[in-house]
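The values are calculated or read from the model by the stated rules, or taken from the named source; none is laboratory data. Just so it is clear, the model here is predicted, and its values are computed rather than measured. Quick reminder, even Gly has a Cβ in these numbers, built from the backbone with ideal geometry, and neighbours come from all protein chains shown. The accessibility values were calculated without ligands, DNA or RNA, using every heavy atom of the protein model including side chains. Shrake-Rupley method; radii C 1.70, N 1.55, O 1.52, S 1.80 Å.
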Amino acid sequence: MSETTSDARQAHWAKTRNLTIGILVLWFIFSLVVPWFANALNTMSFLGFPLGYYMAAQGSLVVFVVLIFYLAYKQNKIDEEFGVAEDDQ
Amino acid sequence: MKGNFIDNLPKIYGLYTGGFIVFILLMAVLEQMGMSAEAIGLLFVLFTIFIYAAIGWLSRTMQVEAYYVAGRQVPAVFNGMATAADWMSGASFVAMAGGIYFGGHGYLAFVVGWTGGYVLVASLMAPYLRKFGCYTVPDYIGTRYGGNLARLCAVIVLVVASFTYVTAQINATGTIASRALEIPFELGVWFGLLGILLCSMLGGMRAVTWTQVAQYIVLIIAYLVPVIWMSNKQGFGVIPQFAYGDAIARLGELETQWQVGTLKATETFAGLSTLVNSHAGAGEGWLSSWKFVTLAICMMAGTASLPHILMRYFTTPSVRAARQSVAWSLLFIFLLYFTAPALATFTKLQVLDPNLATGIIGKAISDVQALDWVQKWSEVNFLRVSDSNGDGILQINEFFMRADIVVLATPEIAGLPYVISGLVAAGGMAAAMSTADGLLLAIANALSHDLYYKMIDPRADTRKRLLTARVLLLAIGALGAFIASLKLTSILGAVAWAFDFACSGLFFPLVLGIWWKRANTAGAVAGMIGGFVAGTAYLYYVRFAGGDPWMGIDHLRFGIIGMPVSLVCMVVVTMMTKEPDEETQRMVDEMRIPKGATILSAEH
């Protein structure tokens with residue numbers, strides 16, 4: 001097994017970090033910002049629900065699920081790009 | 001043979017699910033033939049516990065790797081199911097919909113917090129801890145920061161948080177067992193514990209994993225069936241979760257009609273409440289937004305710090321699988337969480353809507369008191385219909401109910417067959433048992449691996465280590481059951497505290513250990529002690545010393561005080577002391593890439 005060079009490691013970590021920050025920004029918006037404005041959002045309607053209620057009961061949850069699946073997919077791509085993915089599979 | 005077992009998992013659990021459905025149908029037939037509701041409930045609870053115990057027995061092991069991390073061979077999807085069962089406790093299954101029923105929008109902070117936390121688990125924690133190769137969470141803290149003090153601090157926080165949580169779960173199993181078996185609550189608690197230990201005692205993490213998968217299947221069927229049934233009866237279609245917007249609008253009308261929020265109860269009954277909160281309205285002003293957001297933050301950070309969840313991701317075959325497994329976990333959890341608000345909505349409609357046969361508000365008191373389910377739940381003091389103003393008609397402020405029983409009573413309220421009530425009882429039992437198992441194992445493993453083996457007797461042989469682990473499991477379970485039998489807290493209060501304890505003490509030391517190479521031993525110890533002490537002190541101040549909550553931060557949210565203190569302590573002390581040695585820094589580098597051997601070798 002060849003040692004991954006220190007440059008590749010740094011580039012890998014920079015990309016990983018950026019991906020994580022991106023994910024966390026979206027997480028912040030849907031878990032904290034959207035509920036903060038629930039009252040204002042409730043004046044709008046979505047699928048027959050008041051929007052603020054809908055986001056807290058379902059909308060944000062759907063976003064979280066999609067975010068994590070995307071993260072798993074994308075991080076794997078980054079690992080493969082820099083040759084630091086695991087060898088199995 | 002082992003490889004065979006893993007390859008055959010879909011077939012095995014497919015057969016199991018089919019078998020369970022056949023069992024439900026059989027019960028339905030027996031009900032038609034005149035079997036009593038009590039007998040059906042009893043059969044449901046006993047049959048499912050018997051299955052879990054059988055799985056526990058088949059998974060017995062004397063190997064360290066199998067006992068602590070299920071041999072690290074649990075596929076991502078199945079680990080997702082096991083985590084979902086591990087995660088969804090009595091609080092999620094039994095109490096959550098009831099909380100939404102009474103609390104309205106503010107309560108949805110739990111729904112958002114308990115799902116959003118998984119984004120933190122996936123992005124900040126799980127894959128890196130998997131690469132580390134530890135057996136327990138303190139194992140990681142102790143190795144990353146070095147020194148027994150850091151390890152000990154982590155063990156203490158873990159034990160306090162998990163133990164708070166586990167008593168609530170044993171309490172829930174006791175409640176359900178006492179109703180299904182018609183035995184006193186104090187005895188039900190011990191019966192519940194027996195079931196829990198049958199699953200985990202012999203096979204440790206391996207047994208808990210395979211029973212949790214089985215428990216997930218039972219609990220999700222039990223949760224979805226009544227909601228879909230009710231929704232069909234009320235004409236909202238087969239996938240009610242997307243179609244109950246109209247029901248919410250109708251509730252809005254009914255709330256005005258019955259003066260929800262204006263009519264306050266004029267009597268009080270211990271533990272029971274009347275409906276005063278609007279179902280969908282979010283409340284005016286920054287304080288209600290602030291309360292929502294602070295609760296969500298504590299629950300999310302707590303999710304990412306609770307050891308019984310993190311340790312589930314130590315069992316996957318690879319780092320890649322650990323990441324995927326978090327995604328599967330949340331998907332399986334989501335199935336229940338996006339149903340809970342729907343269940344609360346439909347049940348409330350059943351009770352409030354005078355056009356439905358089941359509606360009781362606005363009906364004659366004597367008629368309501370004659371209802372079977374009203375009598376049954378009144379007998380155990382979980383419900384009360386009281387004609388406060390003496391007009392003979394039931395008003396909204398005269399119907400008192402305990403929030404915890406909404407889910408359990410829903411099938412009866414909606415007039416569904418008894419077989420559904422039995423199914424729901426089995427589901428609640430599965431939810432509480434699976435979480436209790438994970439928690440007891442997390443505590444016992446931390447004490448046996450970190451305290452006993454790593455700190456007290458590093459030369460202990462395998463047999464002795466595993467024997468210690470089992471004795472501890474038994475002792476902690478017994479202590480938990482004893483405390484639960486004293487009935488000190490309601491199910492939900494104690495659960496929220498566990499999250500606050502965990503995030504106060506562990507969140508930043510865990511995250512910064514991975515994401516900040518400079519973080520050192522002294523900083524981590526300061527962070528754990530500072531956050532944990534500050535959070536606990538605030539809890540004492542606001543809950544027991546009669547202090548006024550500061551900016552609406554009550555006892556459910558004390559992590560909001562603990563976490564910043566933890567962060568500041570950790571950063572300041574780290575900067576004041578030496579940076580960690582080169583070996584530690586290399587360890588962090590290794591953690592950040594999936595490739596290569598784990599940092600701690602197997603059988604460490």
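Taken over the protein assembly as shown, the convex hull of the Cα atoms encloses 151 Å³ per residue.
With everything on Cα atoms, drop me the angle between helix B:76-87 and the longest principal axis of chain B, reported from 0 to 90° to the nearest 10. The helix B:76-87 is inclined about 60 degrees to chain B.
For the range B:74-106 and the range B:130-201, write down the distance between their C-alpha centroids in whole Å. Here the two parts' Cα centres lie 17 Å apart. To the nearest ten degrees, helix B:582-591 and the longest principal axis of the Cα atoms of chain B are 40 degrees apart. Between 0 and 90 degrees, rounded to the nearest ten: what's the tilt of helix A:60-81 against the longest Cα principal axis of chain A? Tilt of helix A:60-81: around 10 degrees. Distance from the Cα centroid of the range A:14-32 to that of the range B:499-559 is 23 Å (rounded to whole angstrom). Extension gain, residue B:232-residue B:575: 0.36 nm per intervening residue step, less the Cα-Cα distance, totals 117.3 nm. Over the range A:25-81, accessible surface divided per residue gives 45 Å², non-protein components excluded, 1.4 Å probe. Across the options B:193, B:274, B:180, the greatest Cα extent toward the positive end of the charge dipole of the range B:161-275 (unit charges at beta carbon of Lys, Arg, Asp, Glu) belongs to B:193. Checking the Cα-Cα distances for B:11/B:131; B:291/B:348; B:264/B:291; B:517/B:578; A:15/B:595 against a 18 Å cut-off, the pairs over it are B:11/B:131; B:291/B:348; B:264/B:291. Among the GluC sites (Glu not before Pro) in the range B:228-325, those located in a DSSP loop and surrounded by at most 13 other Cβ atoms within 10 Å of their own Cβ are B:267, B:284.
For the range B:60-102, applying the loop criterion from DSSP together with a ceiling of 14 other beta carbons within 10 Å to the chymotrypsin sites (Phe, Trp or Tyr not before Pro) yields no site.
Under the simplified labelling scheme, the residue B:366-residue B:148 pair shows an inter-label distance of 7.5 nm, with each label point 7 Å from Cα along Cα→Cβ. Per residue, the protein assembly as shown reaches -21500 deg cm²/dmol at 222 nm when only DSSP H runs of four or more residues are counted, each adding -39500 (n - 2.57). Can you compute log10 of I(q)/I(0) for the range A:25-81 with the Debye formula, treating each Cα as one identical point scatterer, at q = 0.17, 0.20 Å⁻¹? Result of the Debye calculation: -0.59, -0.71. Of the trypsin sites (Lys or Arg not before Pro) found in the range B:431-481, those in coil by DSSP whose Cβ has at most 12 other Cβ atoms within 10 Å are B:459. The distance from the alpha carbon centre of the range B:39-73 to that of the range B:322-396 is 33 Å, rounded to a whole number.
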